[in-house]
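Each remark here refers to the structure printed beneath this line.
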Amino acid sequence: MKLAWLSGRRLALAVVALLALAWSDRALAVDAERGPMYLTDSHGASGVVHSFLELSAVDPAYDKYWRGALDWLIAVAQKDDAGRVRWPLSASAPAGHKNRQINLPSMCHITRMFVAGYERSHDDRYKQTALASVRFLAETAMLRQQTPFGAACGWSHSYHPKDKSAGVLAGHSHGLGNFLDVMLDACRLQPDEKLKDVLRGILVNLRSRAREVAGQKDMIVWPLLQNEKVVETGYCYGQAGLILPLLTLAERFPDLRLSDGTTALSLANASLRYLMHVARAERDACVWPHMRHEEQSRNIGYGSGTGGIGWAFLRGAQVNRKTDPAFADECLKRARGAAMYAVDLAARQPETRALTSPGGDGGFGVCGGAGGAGHFLMLLAQEIDQSDAAFAARLKATMERLNRILVASAVPVDGTLAWKKADGTVSVALDYGQTGPVLALSAAGKYLKSDEFIQAARRGADFIVKHAAAEAGGYKFPFETKLAQ
């Protein structure tokens, strides 16, 4: 998941992403273990780090828990003779269990949390762990393939020493967007020509695997590997999840250019043109097909809905403003359409009525519902606050409404708040679980200056804290907790 809601204008250290970050389903399913599962990724320790970093910005009492989660991740990391580190999906799984696999997209989110932790605390252990993880990704797990545009760099979902597959492609959660972002983070931590070569290799990969849109000038897509007739548009699995890091790459390395003249900006803009082409109007709003796995969707989250696509258009407007103001205006128009979709959908949901599911058309996770929609609305409101104060006020009012719906959807448990699933379990996961609302409420409370939302975020975090287990000088957190009937 792109790392949403961290400090400054760079709110996207992460799709987080938001997103990530967002491992939006269990396609790489976590198989049941005997007893509690202690996961390392955004469904476990790194998801806690992400949300508690945001909350601790307004309440430092929670610092010890994100630091404790990072300290536990250091303790359970697997280190090779060269000092490179990696993490199994589950630190609690016995030897030979499927959950002992090295899930590479999961490692990206873990690594980015070490970067975020270092930038908050300046603890050199976090910096060195992040760089050691990036070395594993770039030196051991990376796939190389020659193309007409040069050597392409890529990765698969899981680490296999003899892997010769084409590797992941579109999207952020399980796509090249995630790897592009983590390499950009590493370059920020420690500029390195070898890492710049990796960034070039990712750009080569995306250029060589891009497909032109029949009959449409200057449009490209990255279709599904399993079915080239389907083009996902959302952040977690589709075009938006590649556009956003490509735009960051364009800002950071504007001179990076392939032999045919391709740049990160030209690829991002060609994909943005496709998203303009397939946008569907609903009154003043916009929605897109195949935001996540389905032709039709009414999802406003940033991983699986209009939130992530609107975010891509907003960044497209910002990055293109000086060089192509007309195109930037078109991008901002689509960003406003994506925002209106959330405004309209939120208006039909009573503030006091609980949402019935953690994902889908109106859930509470950051990837699949109300928790994630607020991220994009906040970014757009900040962008237009001076130029269109009235619409910015509508966006802020929608953020308030969505977060009150989040609070109404929680179950009080011994002074805390829990966002439970239909089976009565509470997941710590960032995408459809407990850490998503904590992240959303923390960010909204800080932006809107709302003590109500900050207090709700604290109570949600306290539910997680009550289930923390001290280990190896840090804290680990069970993936799921069953509420008493």
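The values are calculated or read from the model by the stated rules, or taken from the named source; none is laboratory data. Quick caveat: nothing in here was measured; it's all calculated off a predicted structure. In this analysis, Cβ positions are derived from the backbone assuming ideal geometry, glycine residues included, and neighbour counts consider all displayed protein chains. What goes into the accessible areas is simple: the full protein's heavy atoms, side chains included, and nothing from ligands, DNA or RNA. Shrake-Rupley method; radii C 1.70, N 1.55, O 1.52, S 1.80 Å.
When the residues of the stretch 173-201 are filtered to those that are in contact with a Leu (Cβ under 7 Å, 6 or more places away or on another chain) and outside any helix (DSSP H, G or I), which remaining residue is nearest to Met107 (Cα to Cα)? In this case the residue turns out to be Ser173. Among the residues of the stretch 224-257, those that are modelled with pLDDT of 95 or more, out of contact with any helix residue (DSSP H, G or I) (no Cβ under 6 Å at 6 or more places or on another chain), under 22 Å from Ala279 (Cβ atoms) and not β-branched (Val, Ile, Thr) comprise Glu232, Gly238. Where helices (runs of 4 or more DSSP H) fall entirely within the stretch 233-344, those with at least 3 residues that are more than 22 Å from Val198 (Cβ to Cβ) and more than 16 Å from the chain's Cα centre (by Cα) are at 264-278, 306-320.
The set of residues in the stretch 310-350 being crowded, with 22+ Cβ neighbours inside 10 Å and polar (S, T, N, Q) consists of Asn320 alone.
Out of everything in the stretch 437-485 that is assigned to a strand (DSSP E or B) and at pLDDT below 95, what residue ends up being nearest to Asp41 (Cα to Cα)? Top of the filtered list is Glu480. Scanning the stretch 91-109 turns up no residue that is open to solvent by 10 Å² or more (accessible area, probe 1.4 Å), within 21 Å of Lys196 (Cβ to Cβ) and not basic (Lys, Arg). Return a yes/no flag: does the stretch 175-187 have any residue that is among the β-branched types (Val, Ile, Thr) and over 27 Å from Asp431 (Cα atoms). Scanning the stretch 175-187 turns up no residue that is among the β-branched types (Val, Ile, Thr) and over 27 Å from Asp431 (Cα atoms). Selection over the stretch 271-303 of residues that are under 13 Å from Gln239 (Cβ atoms) and either at pLDDT below 90 or open to solvent by less than 10 Å² (accessible area, probe 1.4 Å) (or both) gives a count of 6. Any residue in the stretch 40-63 that is surrounded by 24 or more Cβ atoms within 10 Å (Cβ to Cβ) and either more than 20 Å from the chain's Cα centre (by Cα) or modelled with pLDDT under 85 (or both)? Yes, some residue in the stretch 40-63 is surrounded by 24 or more Cβ atoms within 10 Å (Cβ to Cβ) and either more than 20 Å from the chain's Cα centre (by Cα) or modelled with pLDDT under 85 (or both).
Given the structure, is Ala440 under 20 Å from the mean Cα position of the chain (by Cα) and surrounded by 19 or more Cβ atoms within 10 Å (Cβ to Cβ)? Yes: the conditions hold for Ala440. No other residue among Phe463, Phe477, Phe453 is within 18 Å of Arg401 (Cβ to Cβ) and not basic (Lys, Arg) apart from Phe453.
Just checking, how many residues over the stretch 372-422 are in a loop (DSSP other than H, G, I, E, B) and over 24 Å from the mean Cα position of the chain (by Cα)? Residues that pass the stated criteria total 7. Would you check which residues across the stretch 117-143 are over 16 Å from Pro105 (Cα atoms) and either in contact with a helix residue (DSSP H, G or I) (Cβ under 6 Å, 6 or more places away or on another chain) or at pLDDT below 95 (or both) and list them? Hits for the stretch 117-143 are Gly117, Tyr118, Tyr126, Lys127, Thr129.
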